[in-house]
Amino acid sequence: MRTKVVASYFQVPELSYRIWRVWRRNLEVFMKTYRVNFFPPLLEPIFYLVGLGFGLGGFVQPQEGLPYIAFIAPALVAISMMFSSFFECTYASFVRMYYQKTFGAIIATPVSLEEVIAGELLWGATKSLINSTIVLGVVFAFGLVSSPLFLLIPPLAFLVGLLFSAMAMCFTAITPNIDSFNYPSFLFITPMFILSGTFFSTHNLPEAVQIVSKLFLPLYHVVALTRALTIGRFTTNLLFNLSWILVATPFFFILSINLMKRRLIR
Amino acid sequence: MSSEVLIKAEGLTKKFEDFTAVDQISFQVYRGECFGFLGPNGAGKTTTMQMVQCVLPLTSGSLSVSGMDVTREGREIKKMIGVASQEDNLDPDFTVLHNLIVYARYFDIPKAQAQKRAEELLKFVQLGDKRDVIIDQLSAGMKRRLILARSLINEPQILILDEPTTGLDPQARHLIWDKIRSLQKQGVTIVLTTHYMEEAAQLCERTVIMDYGKIIEEGRPLDLVKKHAGEEVLEVAWDEEVLKFLKDTFPEAKLEILGDRIQVFTNHTRGVFTEILNKYSFRSAMIRDANLEDVFLKLTGRRLKE
């Protein structure tokens, strides 16, 4: 019985091209207010680069052999992947599901609930791609990109966005109300924002914290990959970083769809 | 109405954990008819509708639509039905017209065809001049009409209307009723739920009355009224002596006491109450036609609109 319940969380969903109909609906809403949507990812990295990079950077010794501003620049790109997709599939998806009843309207058509959720996840991944590419453009304009491999960052952003969207959707599936998103935000996103090698090298951290970062914080791996692609510096560790993401993404993708099914179809 | 069965439920049951929302119901809906589910809030009407529209799995029993099983062929069934839900689930980010266009896409309707159909439907529900308005600016009645238009975008054979006029003013309600009648004339099979007796009486050829997840009665609205509530109902102000008098005068009648009023239901033909009132005078007495609400009251001992 128990194994049956566990298996139901990992049932591979049946999906069709219809997921793109859901994706397209979200894209059209986004494009209606594109000016508002494009500004934050354009301005925010400028504040960070000027404030932290130039300001704080004057007091900080180079991190992992990089000037401080060059160290944090790729992290800003990685952070924008996380924020844009995670918040899209928590708050924004919850509003569509609960307040606007959009999911209910769509599943009365030939589109299934699994496809609605998968469409939401693809849209979250797309938000990650859009926002982080804008941040990457700013970083590029500051002259902080030193490898042509930076072109691989947008596809990485889509993959990473899919991962964070799926993790977010798991919370959305179990949250009792919209206020409860404060828990994953402060207990998961904030520590990740600080402890993933974003604003200082994790080598300076106590060993236990380093281990936790490597094992449980996806942003740690994203930052490492983004930094490597920005400056063109490679180590074998990157294989572990990429594998972590490649394993976790389908895991959470499937889990989140099944959790949402349990929430919405009883 | 033909004799072809379009929706068939047998022993249909839905349980949520230990709460039984729909309890072993059986019914048949024929092609071309308007079939009503009548009952108070929480009777299980919406749950039944959600099983018919293939979004809620059954706990037990069987349910088929146009010969297809809802559990196995949900996608095919959804293509041929239109659903106007009880709640407002229009897309607030889009205009009136764009709501229909986006919805058409979920049915794989090509763009040009969707555009044409959307414009026609807006005209049909008299929202042609609102096509470029944002949803927030529509009145409740306009939203209901747009939801109705949206449910028709795929030219459905079966239309499910879940409380189509709840919360609307009389004008808005009559407009929706007109549209429903004209759809029925076009041959669309309509299944509607309502807790308004008048709505069922106006629109439905056959109804079932649901209470606590069970079907407690079924038939044509007029037949049901006649069978359970007679033709006329006498209502008088409550009084100990009057009550005794009425009991003696109509020993076979059913007397209901509702607040400070006594209601008398009999199987007598029209006119018997008039005779009584000509002979005796009671405080605030009134004779009125029996209606479906009386049927419900008599069957359950409870008011419907609670």
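Details
- Gyration tensor (alpha-carbon) shape descriptor, the range A:15-264, a/c threshold 1.5: prolate
- Ordered by the number of other Cβ atoms lying within 10 Å of each residue's own Cβ, fewest first, A:Thr236, A:Thr102 fall into the sequence A:Thr236, A:Thr102.
- Exposure proxy order (Cβ contacts within 10 Å, fewest to most) of B:Lys8, B:Lys45: B:Lys8, B:Lys45
- Gyration tensor verdict on the range B:184-306 (Cα atoms; rounded if a/c is under 1.5, prolate if a/b is larger than b/c, oblate otherwise): prolate
- Its relative contact order, with pairs defined as Cα atoms under 8 Å and 6+ residues apart, puts the range A:123-230 at 33 percent.
- Sequence of A:Val6, A:Val160 once ranked by neighbouring C-beta atoms within 10 Å, starting from the fewest: A:Val6, A:Val160
- Cα shape, the range B:231-289, gyration tensor, a/c 1.5 rule: rounded
- Within the protein assembly as shown, percent of DSSP bridges classed antiparallel, to nearest 5: 65
- Residues B:Ser26 and B:Ile257, FRET efficiency given R0 of 30 Å [Cβ-Cβ distance, rounded to 0.05]: 0.30
- Karplus-derived HN-Hα couplings along the range B:183-190 (A = 6.51, B = -1.76, C = 1.60, θ = phi - 60°), whole Hz, x at Gly and Pro: 5, 5, 4, 6, x, 6, 7, 10
- DSSP bridge pairs, the range B:5-225: antiparallel proportion in percent, nearest 5: 55
- Other-chain or far-sequence residues with amide H under 5 Å of B:Leu6's (modelled H): B:Val29, B:Tyr30, B:Arg31
- The calculated pair-distance distribution of chain B uses every alpha carbon pair, bins of 10 angstrom beginning at 0, and gives 6, 24, 28, 21, 13, 6, 2, 0 percent.
- Entries in A:Lys214/A:Lys261; B:Lys8/B:Lys79; B:Lys78/B:Lys143; A:Lys261/B:Lys78; B:Lys78/B:Lys116; A:Lys101/B:Lys79 that, when Cα-Cα distance is taken, lie over 24 Å: A:Lys214/A:Lys261
- Using R0 = 60 Å, the C-beta based FRET efficiency linking A:Leu56 and B:Ser182 works out to 0.30.
- Rounded to the nearest 20 debye, the dipole size of the range B:189-254 about its Cα centre is 340 debye, using +1 on the Cβ of Lys and Arg and -1 on the Cβ of Asp and Glu.
- Axial C-alpha extent at least 24 Å, average Kyte-Doolittle at least -0.5 - helices from chain A (DSSP): A:68-87, A:113-141, A:153-174, A:237-264
- A:Ala173 sits among other residues whose Cβ lies under 12 Å from its own Cβ, and their net charge, with Lys and Arg +1 and Asp and Glu -1, is +2.
- Amide hydrogen neighbours beyond the local backbone of B:Leu192, cut-off 5 Å, H modeled: B:Phe35, B:Gly36, B:Phe37, B:Leu161
Coordinate-derived values only; no laboratory data. Since the model is a prediction, treat every value here as computed from it, not as a measurement. Counting neighbours? That spans all protein chains shown, and the Cβs are built from the backbone with ideal geometry, glycine included.
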